[in-house]
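Scroll down for the structure; my scribbles are underneath it.
The values are calculated or read from the model by the stated rules, or taken from the named source; none is laboratory data. Note that the coordinates shown come from a computational prediction; the quantities given were computed from them, not determined experimentally. As a convention, Cβ positions derive from the backbone with ideal geometry for all residues, glycine included, and neighbour counts pool all protein chains shown. Note: areas computed on protein heavy atoms with side chains; ligands, DNA, RNA excluded. Shrake-Rupley method; radii C 1.70, N 1.55, O 1.52, S 1.80 Å.
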Amino acid sequence: MEAIFHEKQEGSLCAQHCLNALLQGELFTAVDLATLAERLDEAEKQHMAEGGENSEEYRQFLQQPSTNMDDSGFFSVQVIASALRVWSLELIPFRSQDPIAIAAKVNPKNQKAFICNYREHWFTVRKLGDQWFNLNSLLTGPELISDTYLVMFLTQLEQEGYAIFIVNGILPECEADVLLRLMPAVQTVKPRLLSEVRKGTASRPYTNPESEDEQLQAALKLSLEAESLECASEALEDERTEVAHPDDIRTKRLAFFGMKKEDEAENKLCLDVDVAKAQSSLLPSVNNADSSDKADMTEEEMLQIAIKMSMSDEVNNSSNSSTS
């Protein structure tokens, strides 16, 4: 990590820091970029003069400040693009329909570097060796980015309003590129924002970029489990509410007692049939009995006699089977 060239933010010279981080060396100064900005201003002035130096548009152009630089140290994308042309490099908008941009959106890790801009702040994301690094000058040092996290990182930048440019061309060789191919970097402490260090604010705990995908999957799993538990709790609560409702209790009670009455009626009907059968089987046996005895005999006594006769018949049948 020590071999990686990284400039910390000074004033508003982020364009200078961005270019030097990309090229991995102190190759541009604020004076160099100011010179390029002046050349661009002069080219724009000559272009406007072609419409007539006495025209109203030309006069208004002369009264406006430069759009390529200001006193704070800000430089436009035109200045950065002009500086990169010195090294035969070009900027391609990430959201353009250029074939290189389309390929980069599908698989950004196959590119060499990206330059990002948001609210006049520029910084570089570059591959060194076989690893990606965030070389933002607002950080205390380079930040290691895994291939998996690179896609998420670029997507997050776009959502936050960053303009992203692909650096196309052959980057100059550097010491960090050679060393990191031989010995990949391992980062155990995440760099902090310079503003946090200056204010003495505690930084967030370090999260290993290599485990970002696993952490995302774990978060999704926990979210699904929480949702399932919530649905089960709601279902159980609905069931309790339904059972506890007075109207439902009354309906179920009436239904229960209605079924009970039907069972009692069915049992009574079966008992009446059994008594009738007993009476009919008893009549031949008591034909010779006195009529006064018949009149005095109760239904229960008649039922007992019928049962006794039935048991006698079973005994006789069993004896006959044994004799045979």
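Picking from residues in the range 183-201 that are part of a helix (DSSP H, G or I) and without any contact (Cβ under 8 Å) to a residue 40 or more places away in the chain, the one that is least open to solvent (accessible area, probe 1.4 Å) is Glu196. May I ask you to verify whether Leu157 is assigned to a strand (DSSP E or B) and more than 17 Å from Ile102 (Cα to Cα)? Criteria not met by Leu157.
Could you check how many residues of the range 94-116 are assigned to a helix (DSSP H, G or I) and either open to solvent by less than 20 Å² (accessible area, probe 1.4 Å) or within 21 Å of Leu19 (Cβ to Cβ) (or both)? Please lay out each step first, then the result.
Pass one, the range 94-116, residues assigned to a helix (DSSP H, G or I): 99-106, 108-110.
Then drop every residue that is not either open to solvent by less than 20 Å² (accessible area, probe 1.4 Å) or within 21 Å of Leu19 (Cβ to Cβ) (or both), which leaves 100-101, 104, 108.
The total comes to 4.
Which one of Leu144, Leu139, Leu135 is farther than 17 Å from Asn20 by Cβ and either modelled with pLDDT of 95 or more or not basic (Lys, Arg) (or both)? So that I can check it myself, show each step before the final result.
Numbers: Leu139 fails: farther than 17 Å from Asn20 by Cβ; Leu135 fails: farther than 17 Å from Asn20 by Cβ.
Leu144 is the lone residue from the list that is farther than 17 Å from Asn20 by Cβ and either modelled with pLDDT of 95 or more or not basic (Lys, Arg) (or both).
Within the range 117-138, the set of residues being open to solvent by 20 Å² or more (accessible area, probe 1.4 Å) and in a strand (DSSP E or B) comprises Asn117, Tyr118, His121, Lys127, Gln131.
Taking the options Leu19, Leu27, Leu23, Leu62, name whichever one is free of Cβ contacts under 8 Å to residues at least 24 places away in the same chain and in contact with a Leu (Cβ under 9 Å, 6 or more places away or on another chain).
Values: Leu19 fails: free of Cβ contacts under 8 Å to residues at least 24 places away in the same chain; Leu23 fails: free of Cβ contacts under 8 Å to residues at least 24 places away in the same chain; Leu62 fails: in contact with a Leu (Cβ under 9 Å, 6 or more places away or on another chain).
On inspection, the qualifying residue turns out to be Leu27.
Of all residues in the range 160-176, those that are in contact (Cβ under 8 Å) with a residue 60 or more places away in the chain and either in a strand (DSSP E or B) or among the small types (Gly, Ala, Ser) (or both) total 8. Selection of the range 13-50 for residues being in contact with a Phe, Trp or Tyr (Cβ under 7 Å, 6 or more places away or on another chain), in a loop (DSSP other than H, G, I, E, B) and surrounded by fewer than 17 Cβ atoms within 10 Å (Cβ to Cβ) yields only Gly25. Taking the stated definitions as given, is Gln63 open to solvent by 60 Å² or more (accessible area, probe 1.4 Å), at pLDDT below 95 and over 20 Å from Gln159 (Cβ atoms)? Here the answer is yes, as Gln63 does meet what is asked. All conditions in (1) without any contact (Cβ under 8 Å) to a residue 60 or more places away in the chain; (2) in a strand (DSSP E or B); (3) open to solvent by 30 Å² or more (accessible area, probe 1.4 Å) hold for Leu91, with the sole exception of (1).
Out of curiosity, is Phe61 among the aromatic types (Phe, Trp, Tyr) and not in a helix (DSSP H, G or I)? Before the answer, list the steps.
Values: among the aromatic types (Phe, Trp, Tyr): yes; not in a helix (DSSP H, G or I): no.
Here the answer is no, as Phe61 does not meet what is asked.
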